[in-house]
Amino acid sequence: MSAETSRFATRAIHAGQQPDPATGAIMTPIYQTATYAQKSPGKFVEDFDYSRSSNPTRKALEANLASLEGGKFGLCFGSGCGAMDCVLHQLSPGDEVILCDDVYGGTNRLFNRVYDRHGIKVVLVDLTDLAGTEKAFTAKTRLVWLETPTNPMLKVIDIAAISRLCKARGAWLAVDNTFATPVLQNPLALGADIVCHSSTKYIGGHSDVVGGALITKDEAIHEKLKFVQNSVGAVPGPMDCFLLLRSTKTIHVRVERHCENAMKIARHLEAHKRFTRVIYPGLESHPQHAVAKKQMCKFGGMITAEMDGGLEDARRFLERLKIFSIAESLGGVESLIESPAIMTHASVPPEQRAKLGITDGLVRFSVGIEDVEDLIGDMEQALG
Ligand SMILES: *Cc1c(COP(=O)(O)O)cnc(C)c1O
């Protein structure tokens, strides 16, 4: 049995990697090289001619991530935004995109403030409303882009249902799987054409690398993406690929604990009088809990909750926390907390924020893997 055909935890540790043929080194070396000696002009060792095009450390990471998502092809980028940009470069002026209405702030900015100038029409849609989504398609719709769970409202979108709509109309479906991670949800198996990750988050898991990835099963799509990756050049360095390979070896263990801690904290907040609303896909009160149970095997480490006061109460709570750090980003082993209205989603126009329910009292937790009793104790002292 090869690493590629084994179960998730084995693939996390071995897929894409073997002991270095030259030395037996167990860890894939950091091939810190820009170019490669050719045996004869135009005769490369494998496909290694120049490191923008291909690099052995990156290649191992690309194969590893492809395996974790149940795909055939992986491409890595210098950031999640670089990965998204590679997909958007596949479009032409006049094309239309259906974009999930509750997305990462940088995704919104890339679609609506960069690609709008290149003649791409972006339609924001609540993709939990399937009838409304169907109506948003036109003859020009080439791509549907979604995140699930969404950011910051943690809406859960039915990937298989959206995929059926896309297939009927010949549009690509791209799913940003950053929040769910490949441990909990595999969009390619549910019909998505492309999976996107900000590997800065759970894939990296230690808040020390910025990176992105695209994974697909379809060779024709992969070739198109690879052409743009090489032409535009938003590739990661070998050192960052090495760090991410080290990270994926523990992703299943980390994500398991993130989920366990988040479930306990979500239940604690739900029973707390200072919080008027707790949004976590694992709670029975979550509006799409049934969809979450169907397509995810656990519910992730992100929780969004609304405090009873306004901005000042939320600010005071955040400032008093000692273990949770006030920071953007998510998915690291350490717990973070933020205020979407003033931090991650400040660039979203106020009308759209209001429409989505991003109120001033909203706080978003990225629950880490510390001792959960200490995390709950920290929240209690900050609220007291
Ligand atoms: C962070 C993030 C991105 C952007 O990734 P970068 O690595 O910061 O460029 C995209 N999507 C989601 C869901 C994210 O959380």
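Of note:
- Cα gyration tensor shape for the stretch 3-248, rounded if a/c is under 1.5, else prolate or oblate: prolate
- Counting charges near T250 (Lys, Arg +1; Asp, Glu -1) among other residues having Cβ under 11 Å from its Cβ returns a value of +3.
- Segment E256..H14, full-extension length gain: 85.2 nm, with 0.36 nm per residue of separation and the alpha-carbon distance subtracted.
- Alpha carbon centroid spacing (whole Å) that separates the stretch 39-117 from the stretch 245-315: 29
- Rounded to 5, percent antiparallel among DSSP beta bridges of the chain: 55
- Among 359-365, 371-377, the peptide with the highest mean count of other Cβ atoms within 10 Å heads the list, and the full ranking is 359-365, 371-377.
- Peptides 343-349, 326-332, 133-139, 243-249 ordered by average Cβ neighbours within 10 Å, highest first: 243-249, 326-332, 343-349, 133-139
- Short-range pairs are left out: with C-alpha atoms under 8 Å and at least six residues apart, the relative contact order of the chain is 17 percent.
- Overall form of the stretch 90-169 per C-alpha gyration tensor (a/c, 1.5; a/b vs b/c): oblate
- Put simply, when 67-77, 251-261, 145-155 are sorted by average Cβ atoms within 10 angstrom per residue, most first, you get 145-155, 67-77, 251-261.
- On a per residue basis, the stretch 241-381 carries 43 Å² of accessible surface, using protein heavy atoms and a 1.4 Å probe.
- Tensor-based shape of the stretch 175-242 (alpha-carbon gyration tensor, a/c under 1.5 rounded, otherwise prolate or oblate): oblate
- Value of D in µm² per second that Stokes-Einstein yields for the stretch 1-93, Kirkwood Rh from Cα pairs, at 10 °C (1.306 mPa s): 105
- Measuring nothing but how far apart in sequence close Cα pairs (under 8 Å, 6+ apart) lie, relative to its length, the stretch 251-383 scores a relative contact order of 28 percent.
The values are calculated or read from the model by the stated rules, or taken from the named source; none is laboratory data. All values derive from a computational prediction rather than experimental measurement. Every residue, glycine among them, receives a Cβ derived from its backbone with ideal geometry; neighbour counts consider all protein chains shown. Ligands, DNA and RNA are stripped out before the accessible areas are found, and what is left, the full protein with its side chains, is counted by its heavy atoms. Shrake-Rupley method; radii C 1.70, N 1.55, O 1.52, S 1.80 Å.
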